[in-house]
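The values are calculated or read from the model by the stated rules, or taken from the named source; none is laboratory data. Note that this is a predicted model, so its numbers are computed, not measured. We place every Cβ from the backbone using ideal geometry, glycine too, and count neighbours over all the protein chains shown.
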Amino acid sequence: MMVGIFDSGVGGLSVYREIRKLLPGEDFTYFSDNAHCPYGDKSREYVVDRAFRITGLLLEKGADIVVVACNTATAAAISALRESYSDNTKEEVRARVLKESGGRRDHIEFIGMEPAVKPAIGMTHTGVVGVLATAGTLRAEKYRHTKELAYGKVKVVEHIGEGFVELVEKGETEGPHAENVVRSSLQPLLDSGADTIVLGCTHYPFLMDTIRKIAGPGVTVIDPAPAIARHLVEVMERDGLLPDGTNGKASARKGQTLLLSSGDDSVLKNMASAII
Ligand code: DGL
């Protein structure tokens with residue numbers, strides 16, 4: 001089986017890293033759309049268009065399931081993607097997927113990202129949860145629904161991680177400049193009393209050490225990637241995409257990873273080889 005994964009850049013590698021721990025025997029195609037990065041300040045229509053083009057490409061490459069390893073693309077496009085690709089009781093869906101996958105599949109499931117507000121509600125002691133995400137994620141209707149979970153329980157404060165994606169795309173995740181950039185967006189959340197910080201963009205876990213250094217030991221920082229990886233395994237098991245014996249550590253086979261990008265691929269290759 002092959003798992004297709006995409007993001008606007010290298011951020012989705014933070015999700016790939018966790019998935020690979022659970023599924024070392026599976027094959028992956030990772031697409032970094034860095035020629036169109038960042039997605040965070042683009043229109044919803046733009047991001048939806050990119051998500052559909054990349055999904056088509058991943059199916060052509062042989063993907064059996066797609067991980068939208070990007071909060072911004074999930075918020076903008078996952079409903080439309082599921083509508084077009086996931087329900088095989090609809091004739092037009094079956095026809096589209098059979099065509100795009102070269103007859104291999106009649107539907108495709110999508111695993112998306114969501115800011116981990118729910119687990120954060122149970123973790124905060126101050127009653128204030130801070131969410132760092134892109135502008136696109138924070139203004140999306142999907143995020144408003146997620147935030148409703150906190151109503152009457154805890155206060156949720158947000159900040160755009162200004163400049164975070166650019167740092168990670170340059171591979172600059174530590175040092176005085178990275179610390180200044182991170183501090184500008186994180187400090188307002190800490191000043192509001194947040195003791196639990198949700199990373200609502202898949203690029204941000206690569207800044208984890210810098211974020212922890214600024215936040216200090218009393219603050220919990222949540223990266224949702226391990227939970228997303230577990231969810232992917234559940235869906236693949238349910239859909240028969242992990243035949244017995246090939247799941248995770250039981251497999252003797254070492255999976256292959258194909259790395260693709262729409263722009264310069266040097267940072268992608270460096271970061272991926274550090275993971276692989
Ligand atoms: N990594 C992405 C996310 O999770 C996209 C960041 C961006 O391109 O702005 O939101």
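Brief remarks on what is shown
- Extreme residue, nearest to the ligand (Cβ to nearest atom), among residues of the stretch 14-36 that are part of a strand (DSSP E or B) and either in contact with a Phe, Trp or Tyr (Cβ under 9 Å, 6 or more places away or on another chain) or β-branched (Val, Ile, Thr) (or both): Ser32
- Yes/no for Lys118 being more than 13 Å from the ligand (Cβ to nearest atom), in contact (Cβ under 8 Å) with a residue 24 or more places away in the chain and in contact with a Ser or Thr (Cβ under 7 Å, 6 or more places away or on another chain): no
- Residue in the stretch 170-193 that is farthest from the ligand (Cβ to nearest atom), counting only those that are within 21 Å of Pro119 (Cβ to Cβ) and buried (at least 19 other Cβ atoms within 10 Å of the Cβ): Leu190
- Test result for Arg104, surrounded by 16 or more Cβ atoms within 10 Å (Cβ to Cβ), among the charged types (D, E, K, R) and either more than 16 Å from the ligand (Cβ to nearest atom) or closer than 30 Å to Leu59 by Cα (or both): no
- Here Leu58 passes the criteria (1) in a loop (DSSP other than H, G, I, E, B); (2) away from the ligand (no atom under 15 Å from the Cβ); (3) closer than 30 Å to Leu138 by Cβ except the one numbered (1).
- Here Gly11 clears all of (1) within 10 Å of the ligand (Cβ to nearest atom); (2) assigned to a helix (DSSP H, G or I) except the condition numbered (2).
- When Thr196, Thr220, Thr202, Thr210 are checked against the criterion of being within 16 Å of the ligand (Cβ to nearest atom), touching a Ser or Thr at 6+ places or on another chain (Cβ under 7 Å) and of a type in the set (S, T, N, Q), Thr202 stands alone in meeting it.
- For Ala51, the requirement of being away from the ligand (no atom under 13 Å from the Cβ), modelled with pLDDT of 95 or more and either assigned to a loop (DSSP other than H, G, I, E, B) or more than 28 Å from Ala194 (Cα to Cα) (or both) is not met.
- Criterion applied to Gly245, Gly193, Gly240 was being in a loop (DSSP other than H, G, I, E, B) and either on the phi < 0 side of the Ramachandran plot or modelled with pLDDT of 95 or more (or both), and the one residue passing it is Gly193.
- Search result, residues across the stretch 150-169 that are loosely packed, with under 14 Cβ neighbours inside 10 Å and touching a helix residue (DSSP H, G or I) at 6+ places or on another chain (Cβ under 7 Å): Lys153
- Ala76 touching a residue at least 12 places away in the same chain (Cβ under 8 Å), assigned to a helix (DSSP H, G or I) and crowded, with 19+ Cβ neighbours inside 10 Å: yes
- Boolean, Cys70 is within 12 Å of the ligand (Cβ to nearest atom), within 26 Å of Leu242 (Cα to Cα), at pLDDT 95 or above and not β-branched (Val, Ile, Thr): yes
- Single condition Pro115 does not satisfy, out of (1) within 18 Å of Leu58 (Cβ to Cβ); (2) in contact with a strand residue (DSSP E or B) (Cβ under 7 Å, 6 or more places away or on another chain): (1)
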